[in-house]
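Have a look at the structure below, then the notes.
The values are calculated or read from the model by the stated rules, or taken from the named source; none is laboratory data. In this text the structure is predicted, and so the values were computed from the model without any measurement. Cβ coordinates were reconstructed from backbone atoms using ideal geometry, including for glycine residues, and neighbour counts include every protein chain displayed. Surface accessibility is based on the protein's heavy atoms, side chains included, excluding ligands, DNA and RNA. Shrake-Rupley method; radii C 1.70, N 1.55, O 1.52, S 1.80 Å.
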Amino acid sequence: MAIILAIESSCDETSAAVCRDGNILSNYIANQQIHEQYGGVVPELASRAHMQNIVPVVDVALRDAGCAIQEVDAIAFTQSPGLIGALLVGSQFAKSLAQALNKPLIAVHHMQAHVLANLIDDPKPAFPFLCLTVSGGHTQIVLCESPYSLKVIGETIDDAAGEAFDKSAKLLGLPYPGGPLIDKNAQQGNAERFKFPEPQVPGYNFSFSGLKTAILYFLQNAGTSTIYKDEFMATEHEKQVFIDQNLPDICASIQQRIISILLNKLKKAADDTGIKNICIAGGVSANSGLRKAIKQMGEQFGWNTFVPAFQYCTDNAAMIAITGYYKYLKGEFADLSVTASARAEWE
Ligand code: KG4
Ligand code: ZN
């Protein structure tokens, strides 16, 4: 029997989870509301909130799991990538706990953990599988041959899919984080109404910065064109009236384009590799349009599709726990000299 206590603090969620033999017993997530008023995550405020949250969050996770701290067999934590101050709070806490309890320490890569969130619930994907990982900072197609062999075969060359959602929302005057609000408005909208360009990027890579610019011009042209004009048609007031009158259709059309950019590349990777087990992961995999579209593609192309439960899509410690469990089985432990890292390549 192996009980893993996991800690995630890479961005603006403080989370702790407990897993026993690969089964998640608890997954507690404290969100930080403070960033909303600034329109984005303020790193220093995130670090301070993590410091306030970490002890009670770990406490709740242990209590929810019905587990005493002495029963824990190893402590897993997010080592990278993320905001350095935020990562430091979780990593120093995990290291201190490991030393105090004399238990092994497991360092986890946040992006690998997003992928392995697909191994939490049944049915689990068989290997090999492809995973489209879409979060606020990353957009990747990952080829997974085992929990220990994950290879990035495509990624964004500029903005991440989550950033595309959040920046589009900002242009529409919606508060941060805008992704869930675009999703909500899109559910009442007509996705065929407005056409946004699809970038031509080679291979399995993605680009979203052109879409952001097209949306900017589209609004300044009051919906008549996505192209730059020396004299834009709309005044600030007219632009706002256009947004107010058409918000659901604009959101649905933007969301449809982001999804088609993602899924066209995923389809190409599936065709080229012949892999039919297809997963999604990361915060944007909470998007209702993407969840529906991947299921439809699965039916159309004979794929076995896997979509994590909502609580395992956005940042959470359960995914750190499951990744920690696989590392535990292989004895992949870190020593106390391990340090947090804002950026880290995959081994
Ligand atoms: O994985 P995540 O929680 O944090 C990072 O590791 O970045 O992803 C956060 C991103 C944000 O950009 C947020 O707007 C987006 O996921 N997101 C969504 C939805 N829920 C979260 N985007 C579109 N639709 C949603 N329902
Ligand atoms: Zn994440």
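At a glance:
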| read-out | value |
| --- | --- |
| GLU231/GLU198 FRET efficiency (R0 35 Å; Cβ-Cβ; nearest 0.05) | 0.80 |
| Paramagnetic label zone (point 7 Å from Cα along Cα-to-C-beta, ALA344; backbone N under 14 Å) in the range 82-118 | 82-95, 105-114 |
| Stretch gain in nm, segment PHE127-GLN92, where the contour uses 0.36 nm per residue and the Cα spacing is subtracted | 9.2 nm |
| Contour minus Cα-Cα distance for GLN311 and GLN296 (0.36 nm per residue) | 3.2 nm |
| Surface share of carbon and sulfur [accessible, 1.4 angstrom probe, percent] for the range 85-130 | 54 percent |
| Top of ASP59, ASP122, ASP21 by mean-square fluctuation, Gaussian network on the chain, Cα under 10 Å | ASP122 |
| Cα gyration tensor, the chain - rounded (a/c under 1.5), prolate or oblate | prolate |
| Those lysines that a straight Cα-Cα span of less than 25 Å connects to LYS95, excepting residues fewer than 8 apart in one chain | LYS103, LYS327, LYS330 |
| Accessible-area composition of the range 178-293, carbon plus sulfur, in percent [1.4 Å probe] | 51 percent |
| Low-density loop positions, GluC sites (Glu not before Pro), the range 158-246 - DSSP coil, at most 14 other Cβ in 10 Å | GLU192, GLU231 |
| Low-density loop positions, trypsin sites (Lys or Arg not before Pro), the range 7-92 - DSSP coil, at most 13 other Cβ in 10 Å | none |
| Under Karplus coefficients 6.51, -1.76 and 1.60, residue-wise ³J(HN,Hα) of the range 28-41 in Hz, glycine/proline x | 9, 10, 9, 7, 10, 6, 4, 6, 4, 5, 9, x, x, 6 |
| Solvent-accessible area per residue for the chain (1.4 angstrom probe, square angstrom) | 44 Å² |
| Relative contact order (percent, whole number), the chain, Cα cutoff 8 Å, 6+ residue spacing | 25 percent |
| Theoretical ellipticity at 222 nm over the chain - DSSP helices of four or more residues, -39500 (n - 2.57) apiece, nearest 500 | -14000 deg cm²/dmol |
